[in-house]
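Peer 1: I am attaching a structure below and will ask some questions about it afterwards.
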Number of protein chains: 4
Amino acid sequence: MTYHVGISDDRFIRGNIPMTKAEIRILVLARAKINPGDTVIDIGAGTGSLSVEAALQSGYGEVYAIEREPEGIELIRQNAAQFAAAVRPIAGAAPQALQGLPQADVILIGGSGGKLDAILTEARQLLKPGGRLVVTAVTVETLQRALAFLDSCPEFSVETICAQVTRLRKVASSHMMQALNPIYIIAAEAE
Amino acid sequence: MTYHVGISDDRFIRGNIPMTKAEIRILVLARAKINPGDTVIDIGAGTGSLSVEAALQSGYGEVYAIEREPEGIELIRQNAAQFAAAVRPIAGAAPQALQGLPQADVILIGGSGGKLDAILTEARQLLKPGGRLVVTAVTVETLQRALAFLDSCPEFSVETICAQVTRLRKVASSHMMQALNPIYIIAAEAE
Amino acid sequence: MTYHVGISDDRFIRGNIPMTKAEIRILVLARAKINPGDTVIDIGAGTGSLSVEAALQSGYGEVYAIEREPEGIELIRQNAAQFAAAVRPIAGAAPQALQGLPQADVILIGGSGGKLDAILTEARQLLKPGGRLVVTAVTVETLQRALAFLDSCPEFSVETICAQVTRLRKVASSHMMQALNPIYIIAAEAE
Amino acid sequence: MTYHVGISDDRFIRGNIPMTKAEIRILVLARAKINPGDTVIDIGAGTGSLSVEAALQSGYGEVYAIEREPEGIELIRQNAAQFAAAVRPIAGAAPQALQGLPQADVILIGGSGGKLDAILTEARQLLKPGGRLVVTAVTVETLQRALAFLDSCPEFSVETICAQVTRLRKVASSHMMQALNPIYIIAAEAE
């Protein structure tokens with residue numbers, strides 16, 4: 001079966017780890033502009049749902065999925081396996097866990113464990129010219145710090161949106177509106 | 001203590017009955033334009049949170065809270081009691097449960113049990129000249145039917161909004177964004 | 001005619017000054033919990049729409065409307081006059097324009113001209129015990145700074161929401177959904 | 001330059017025709033699951049922004065862009081030309097303009113001129129087994145009718161979301177939040 005972006009949430013194994021929802025993955029990956037062969041680093045990979053889709057887009061490229069929760073690492077392995085996606089789980093927390101990784105075309109930051117500035121500083125160094133860095137923020141503080149950091153880097157052009165998705169759920173013959181939490185997507189593209 | 005609209009959600013006794021959230025109550029009551037002495041009918045009253053606030057605004061007026069779930073009726077009683085609000089719970093389902101009620105200045109419709117057209121037909125008859133009818137809709141079908149019905153009544157001027165509220169929750173030193181479900185508020189004012 | 005919160009936007013004279021929309025005024029005023037006789041300071045009052053509604057709620061109280069744009073001051077005068085609202089326009093920018101004002105029960109901050117920290121510092125001093133301070137933010141930076149400041153004050157309990165309102169506009173027999181910009185409302189209540 | 005979904009809005013020539021915004025195109029195209037060689041019909045193509053992206057995804061496939069406004073047809077031509085996208089503009093209104101078109105893998109409905117039921121009836125006939133039909137709705141009525149129609153067709157599995165995107169615009173050193181109108185995306189996949 002051909003891969004299309006936005007794999008249904010229920011096809012991922014989840015456990016107790018929060019997962020980036022399909023609609024957000026679609027928007028993040030659009031901003032990541034992954035090309036075949038690209039090297040991708042996914043920081044705070046969670047269940048690996050985004051890493052898996054990144055790997056399916058990068059083809060023969062490499063995707064490094066950094067996650068500090070052991071349960072997450074196991075889920076990443078399982079989800080990568082079921083989609084035959086070339087994802088390398090890296091157990092540990094950024095920025096330390098970034099050491100030894102190659103230069104990347106795309107860096108995705110979905111979790112920062114309170115070390116966003118240090119992670120962004122490292123990520124900036126790791127990003128290839130022309131590379132894309134996409135931060136997803138679910139807190140005001142992550143949003144504000146990501147904007148402040150990225151705007152201060154002259155090599156980046158930054159575009160930010162808040163995506164608020166409501167899903168309609170069929171109940172009898174009615175369609176109920178059920179909100180997902182809003183997510184800010186901060187996309188920086190290096191010259 | 002003086003009453004101010006938008007009583008905190010956690011001050012109501014809730015059980016398993018869905019409750020209109022404080023921000024939505026605030027917007028609905030603004031559209032209801034309750035005056036002291038007004039007669040109010042709250043259809044699908046749930047926990048009675050809206051009925052209680054309506055009663056506190058109508059003062060010496062009367063608020064009839066129609067609810068078909070016995071658990072709801074009990075919650076309405078308890079919530080009315082703790083706020084010393086003059087709310088009369090009416091066990092049953094509209095439109096039948098509307099029989100025998102007096103003409104109303106304000107009719108609130110938060111639940112219709114699939115009988116929205118019949119309820120609106122009755123409510124229209126019960127509404128005094130100059131009265132306000134406010135429907136809250138959490139499904140596409142309720143929204144569409146309420147709009148179709150109310151727009152077809154020449155005596156009504158109708159204003160509709162969708163309110164999407166996100167609450168910020170403090171987690172450590174961050175503020176996480178947590179969405180409430182969007183609610184459509186259809187407010188009709190009779191000539 | 002009795003006053004009800006949420007005066008229709010088109011009843012205010014606007015000019016080129018941005019105006020807080022009716023639904024936001026409703027939510028802000030709910031959080032402001034104005035009592036008859038309250039002293040209110042509205043910083044960045046714009047067209048005065050919020051000041052006017054505050055004055056109608058405070059009755060014999062006083063509302064000071066600080067605005068640095070001369071056009072705004074003129075609009076505040078006109079809007080106060082047409083609603084017979086006791087609003088005193090104060091031409092100038094906060095925090096300087098706050099000098100000489102009395103202690104307040106409620107302080108509303110809708111504009112800060114880049115001096116939010118200084119304004120909050122002054123506002124905190126001016127606020128009576130039990131007073132309410134409500135900041136509306138349309139930028140990430142105002143939101144983050146207001147949260148950081150208010151959370152650091154032990155006397156405040158802070159509640160924050162983002163309100164995203166969509167209005168439905170009738171076009172032929174259809175109802176089009178038209179978004180207003182999202183607004184963050186940060187409400188702090190002093191012990 | 002490699003094509004990535006979500007071409008920036010300002011790269012399209014627009015005139016006075018409403019354009020589907022980049023974020024919505026991204027979400028619609030994700031649901032459309034276009035494969036190389038697919039035949040796509042875009043009904044109510046507007047400026048052709050969605051047709052162009054569909055053509056870039058379908059590669060050697062065919063994209064038919066139906067639009068009743070002459071200005072739209074001209075914009076579709078220009079936009080297709082500048083992206084070297086194989087889009088065939090068809091001047092006219094659906095369902096009539098659908099006559100003579102081949103079976104399609106994907107049908108996109110962005111405008112219906114009040115004839116949604118007739119268009120959906122024809123579209124259903126034109127859709128190949130396994131095909132995808134995606135309706136975007138900006139009115140309550142289009143949303144409700146699309147849901148009612150598509151739910152009644154046993155061959156379709158339907159998923160619907162409302163996407164509300166807020167863009168952040170840099171003003172001095174602040175980021176202002178500016179809402180785009182919410183869009184409902186109704187995606188039906190045929191067995």
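Peer 1: Between D:Leu98, D:Leu127, D:Leu168, find the one with the highest GNM mean-square fluctuation for chain D; connect C-alpha pairs within less than 10 Å.
Peer 2: D:Leu168
Peer 1: What do you get for GluC sites (Glu not before Pro) in region C:14-82 restricted to DSSP loop and a cutoff of at most 14 other Cβ within 10 Å of the site's Cβ?
Peer 2: Counting only loop positions with at most 14 other Cβ atoms within 10 Å, none of the GluC sites (Glu not before Pro) in region C:14-82 qualifies.
Peer 1: Arrange B:Asp42, A:Asp9, C:Asp10 by Cβ neighbour counts within 10 Å, fewest through most, would you?
Peer 2: C:Asp10, A:Asp9, B:Asp42
Peer 1: Mind checking the log10 I(q)/I(0) for region B:9-190 at q = 0.18 Å⁻¹? Debye, one equal scatterer per Cα, no solvent, two decimals.
Peer 2: Log-scaled intensity ratios, in q order: -1.16.
Peer 1: If I take all pairs of Cα atoms in the protein assembly as shown, what percentage of them are more than 49 Å from each other?
Peer 2: Above the 49 Å cut-off, the protein assembly as shown has 20 percent of its Cα pairs.
Peer 1: Still on this structure, I have one more. Taking the axis that carries chain C onto chain A, what is the nearest Cβ in chain C, and at how many Å, to the whole number?
Peer 2: C:Gln144, 2
Peer 1: Here is a follow-up. Every other copy gets compared here: list the nm distances from the C:Ala81 label point (7 Å along Cα to Cβ) to its counterparts, shortest first, one decimal.
Peer 2: Output for C:Ala81: 5.6, 5.7, 7.9 nm, nearest copy listed first.
Peer 1: Sticking with this one: Within region C:50-92, list the chymotrypsin sites (Phe, Trp or Tyr not before Pro) lying in a DSSP loop whose Cβ has at most 12 other Cβ atoms in a 10 Å radius.
Peer 2: C:Tyr60
Peer 1: If you don't mind, there's one more thing I want to ask. Any idea what the dipole of region A:81-137 comes to, in debye rounded to 20, about its Cα centre with Lys/Arg Cβ at +1 and Asp/Glu Cβ at -1?
Peer 2: That gives region A:81-137 a dipole magnitude of about 60 debye.
Peer 1: Only Lys, Arg, Asp and Glu count, each charged at its Cβ (+1, +1, -1, -1), so figure out the dipole size of chain C about its Cα centre, rounded to 20 debye.
Peer 2: It works out to roughly 520 debye.
Peer 1: 7 Å along Cα→Cβ for the label point: how many nanometres lie between A:Ser157 and each equivalent label in the other copies, listed shortest first?
Peer 2: Distances to the matching label points in the other copies: 4.0, 4.7, 4.9 nm.
Peer 1: Find which of D:Gln96, D:Leu127, D:Gln178 sits farthest along the positive direction of the dipole of region D:9-190, computed with +1 on the beta-carbon of Lys and Arg, -1 on that of Asp and Glu, about the Cα centre.
Peer 2: In region D:9-190, that residue is D:Gln178.
Peer 1: Do you know the relative contact order of chain D, to the nearest whole percent, from alpha carbon pairs under 8 angstrom that are 6+ apart?
Peer 2: Over chain D, the number comes to 18 percent.
Peer 1: A follow-up question, please. Beyond a 27 Å Cα-Cα separation, which of these cross-linked pairs lie in this structure: A:Lys115/B:Lys21; B:Lys115/D:Lys128; B:Lys170/C:Lys33; B:Lys170/C:Lys115?
Peer 2: The pairs that break the limit, which is 27 Å between Cα atoms, are A:Lys115/B:Lys21; B:Lys115/D:Lys128.
Peer 1: Hey, another quick one. For region D:116-183, which GluC sites (Glu not before Pro) are both in a DSSP coil and crowded by at most 14 other Cβ atoms within 10 Å?
Peer 2: Answer by residue number: D:Glu155.
Peer 1: Separate question: Quick one: order A:Cys153, A:Cys162 by neighbouring beta-carbon count within 10 Å, fewest to most.
Peer 2: A:Cys153, A:Cys162
Peer 1: Can you list the distances in nanometres, one decimal and ascending, from the D:Asn16 label point to the identical position in each other copy, with the point 7 Å along Cα to Cβ?
Peer 2: Listed shortest first, these distances are 2.5, 5.8, 6.1 nm.
Peer 1: What does the charge count near D:Pro129 come to, summing +1 for each Lys or Arg and -1 for each Asp or Glu among other residues with Cβ under 9 Å from its Cβ?
Peer 2: -1
Peer 1: Another one. Among residues other than B:Ala94 whose Cβ falls under 14 Å from its Cβ, what is the net charge (Lys/Arg +1, Asp/Glu -1)?
Peer 2: Once positives and negatives cancel, what remains is -2.
Peer 1: Among A:Met177, D:Met176, D:Met19, which comes first, then next, by fewest other beta-carbon atoms within 10 Å?
Peer 2: Listing A:Met177, D:Met176, D:Met19 from fewest to most nearby Cβ atoms yields D:Met176, D:Met19, A:Met177.
Quick note: the coordinates plus some simple rules give every number you see, no bench work behind them. Worth saying up front: this structure is predicted, and the values here are computed from it rather than measured. All Cβ positions, glycine included, derive from the backbone under ideal geometry; neighbour counts span all protein chains shown.
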